[in-house]
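The values are calculated or read from the model by the stated rules, or taken from the named source; none is laboratory data. On a predicted model such as this, the values are computed, not experimentally measured, just so you know. Note: ideal-geometry Cβ built from the backbone for every residue, glycine included; neighbour counts use all protein chains shown. All accessible areas refer to the heavy atoms of the entire protein, side chains included, with ligands and DNA or RNA removed. Shrake-Rupley method; radii C 1.70, N 1.55, O 1.52, S 1.80 Å.
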Number of protein chains: 2
Amino acid sequence: MKKQGIGFIDSGVGGLTVVKEAMRQLPNESIYYLGDTARCPYGPRPEEQVRQFTWEMTHFLLEKDIKMLVIACNTATAAALEDIKKKLAIPVVGVILPGSRAAIKATKNNQIGVIATAGTVKSEMYPKMIHEKDATAKVASLACPKFVPLVESNSYHSPVAKKVVAETLQNLQTSGIDTLILGCTHYPLLRPIIQNVMGNQVTLIDSGAETISEVSTLLDYFDLAEKSDCSEPAERRFYTTGSTQLFKEIASEWLKIEEMSVEQAKLGF
Amino acid sequence: MKKQGIGFIDSGVGGLTVVKEAMRQLPNESIYYLGDTARCPYGPRPEEQVRQFTWEMTHFLLEKDIKMLVIACNTATAAALEDIKKKLAIPVVGVILPGSRAAIKATKNNQIGVIATAGTVKSEMYPKMIHEKDATAKVASLACPKFVPLVESNSYHSPVAKKVVAETLQNLQTSGIDTLILGCTHYPLLRPIIQNVMGNQVTLIDSGAETISEVSTLLDYFDLAEKSDCSEPAERRFYTTGSTQLFKEIASEWLKIEEMSVEQAKLGF
């Protein structure tokens, strides 16, 4: 029987932070990744449009016969997870619930911060999910619209990145939070800078990495996990709607893969 | 609609380490706990008998109309999870897979230790689950038959406990592992002593605590989680087949509950 892969979708390269954890924690699993780089960022777009784009990405990967779909983008999760989960027969996982759960697990003073795109912050999904679980938690949200473009342009190591992050997070530094959710899958690429600005006393939650624990739980629960004794090697295929060259530059450095196949994807536009 | 609870079963008080995390991470959830203290320890018993006892506990809690069952005992998970999961209509969760997953996530040198009861070690479930996910991991298992009686007799703070733990783990100290799974839900009560013997460079994995992340994932996935806006308060009911007095002493200290109801349970013996 042919090995079925797990599908990952994101507005661009951010979901690669989720893929990196998948490659580490689930080395037997085949991975199909689609980044809608040509239409990135999703954050400032209207919810209805984000939902439509997310469905287009979903259809593209369903044709690859995936066994599970990970919406590795917070903005798309907020806009479309519920709808897509209801309509697909395979398990569908978003990144907001795993991040919320991990923050509740990690916080000691019950004060949690969330940084995310404007779309995710506007959806109020993080405070909603956290409060459904623990009504006593205090949640401070902050939109960081400048972060995604820093990552997508491959300038997340630059001095400009340091300056933008420091300025954006200034008000959060004195807010009393002890836990900060990186509520956008692009942000872990800025993690060292964010940690430096917030200080070591603040625990950063990488919602993407937490998502892989959930993926692994559901793979096991539904008996879909690939066993090590499978003779076929795991496949990793990457698709982008934008420049394959720029995608490859960022992805190969982040995932530490020298030889990788990046193909052009055409969605409905 | 009446709130449905989550059922937890264990050979004795060990599963309370799982309940403690449930109370912290899932404060809205009602909890029904049964400890088969009268027949503890399960570790040295034949697999067939452990399976029978686990089914008896399961039937007892199914009568309380639980919505999910957590087999909060490694020995019982190894012997009976697969069988029980197959036959119940509600989700059933064990403690071995969550512990295995967390160890793979935590290890940096891919050398993982497992301490557990004789029954769990003999079942080889931990090495099997870890190797199914990552064939390259090195796993060292060690049975610690003296640990459970230390906890059940409420002597886990004693100097004897320190001596027993140090002697038992002696060989593991030089094994090169950087991650150690506490593969028995009783062991987290000995955690400070175990950490002290193994040194701070070894990450201890509390398989019970990890199980709650899995419980939370499945509650959300199947839309079974209690929301904070539910008007009924969460219930916590404890049952034991042994001394309610001794159970209450250990449980109230461990869970930091002053007033708790512990009732006598009668199983099929």
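Contact residues in segment A:129-148 by the 50 Å² criterion (accessible area, 1.4 Å probe, full protein complex versus chain alone): A:Glu132, A:Lys133. If you sort the three axes of the alpha carbon gyration tensor as a ≥ b ≥ c, you get a/c of 1.5 or more for segment B:111-269 and a/b no higher than b/c, which makes it oblate.
Reported to the nearest whole Å, the Cα centre-to-centre distance from segment B:118-190 to segment A:81-97 is 38. Computed over the alpha-carbon atoms, chain A gives an Rg to Rh ratio of 0.95, Rh here being the Kirkwood radius from the mean inverse distance. Across the protein assembly as shown the C-alpha pair distances fall into 20 Å bins from zero in the proportions 22, 54, 23, 1 percent.
Based on the Cβ-Cβ distance from B:Ser155 to A:Glu63, what FRET efficiency comes out when R0 is 60 Å, to the nearest 0.05?
For B:Ser155 and A:Glu63, the calculated efficiency is 0.45.
If you take the beta carbon distance between B:Gln49 and B:Lys128 as r and set R0 to 25 Å, what does 1/(1 + (r/R0)^6) give as a FRET efficiency, to the nearest 0.05? That gives a FRET efficiency of 0.70. Taking amide H as placed 1.01 Å from N in the peptide plane, A:Arg236 has its amide H under 5 Å from the amide H of A:Ile31, each at least 5 places away in sequence or on another chain.
Rolling a 1.4 angstrom probe over the protein assembly as shown with all protein chains present gives an accessible area of which 52% lies on carbon and sulfur atoms. Just tell me how shielded B:208-218 is by partners: mean number of partner chain Cβ atoms within 10 Å of each residue's Cβ, no decimals. The shielding value for this peptide is 4. Annotation note: trypsin sites (Lys or Arg not before Pro) in segment A:64-135 located in DSSP loop regions with a Cβ neighbour count of at most 12 within 10 Å are A:Lys108. The heavy atoms of A:Glu249 present about 90 square angstrom of accessible area, all protein chains included, probe 1.4 Å. Against the longest alpha carbon principal axis of chain B, how many degrees, from 0 to 90 and to the nearest 10, is the axis of helix B:96-106 turned? With both axes taken from Cα atoms, the answer is about 50 degrees. Simple spin-label estimate for A:Gln245 and B:Ala166 gives 6.6 nm between the two label positions (7 Å along the Cα-to-Cβ direction from each Cα). The accessible-area loss of segment A:22-43 on complex formation, taken against its chain alone with a 1.4 Å probe, reaches 50 Å² or more at A:Arg24, A:Gln25. Ordered from highest to lowest accessible area with the whole protein assembly present and a 1.4 Å probe, B:Asp206, B:Asp223 read as B:Asp223, B:Asp206. Angle of helix A:244-255 to the longest C-alpha principal axis of chain A, folded into 0 to 90 degrees and rounded to 10: 70°.
Does anything in segment A:219-253 have its amide N under 14 Å from the 7 Å Cα→Cβ label point of A:Ala38, and if so which residues? The answer is A:239-245. Here the relative contact order of segment B:96-207, from alpha carbon pairs under 8 Å that lie six or more residues apart, stands at 37 percent. Both the radius of gyration and Dmax for segment A:198-247 are 16.9, 46 Å, in that order, over alpha-carbon atoms. Cα axis of helix B:74-87 to longest principal axis of chain B: angle in degrees, 0 to 90, nearest 10? Compared with the principal axis, the helix lies near 50 degrees.
Surface analysis of segment B:1-124 yields an accessible area of 34 Å² per residue, using protein heavy atoms and a 1.4 Å probe. How many Å² of accessible surface get buried when B and A come together, counting both sides, probe radius 1.4 Å, rounded to the nearest 100? Separately minus together, B and A give about 2600 Å² buried.
Interface burial in segment A:227-265 reaches 50 Å² or more for A:Ser228, comparing the full protein assembly with the chain by itself; accessible area from heavy atoms with a 1.4 Å probe. Number of Lys-Lys pairs in segment B:13-117 with C-alpha atoms under 25 Å apart and a separation of 8 or more places or on different chains: 10. For the peptide B:220-226, the mean number of other protein chain Cβ atoms found within 10 angstrom of a residue's Cβ is 4. Let's test the formula: R0 of 35 Å, r as the Cβ-Cβ distance of A:Ala234 and B:Leu224. What FRET efficiency results, to the nearest 0.05? That gives a FRET efficiency of 0.60. In a simple Cβ point-charge model (Lys, Arg +1; Asp, Glu -1; nothing else charged), chain A has a dipole of about 500 debye relative to its Cα centre. When chain B is described by a simple charge dipole with +1 on each Lys and Arg Cβ and -1 on each Asp and Glu Cβ, the residue from B:Tyr187, B:Gly176, B:Leu142 located farthest towards its positive end is B:Gly176.
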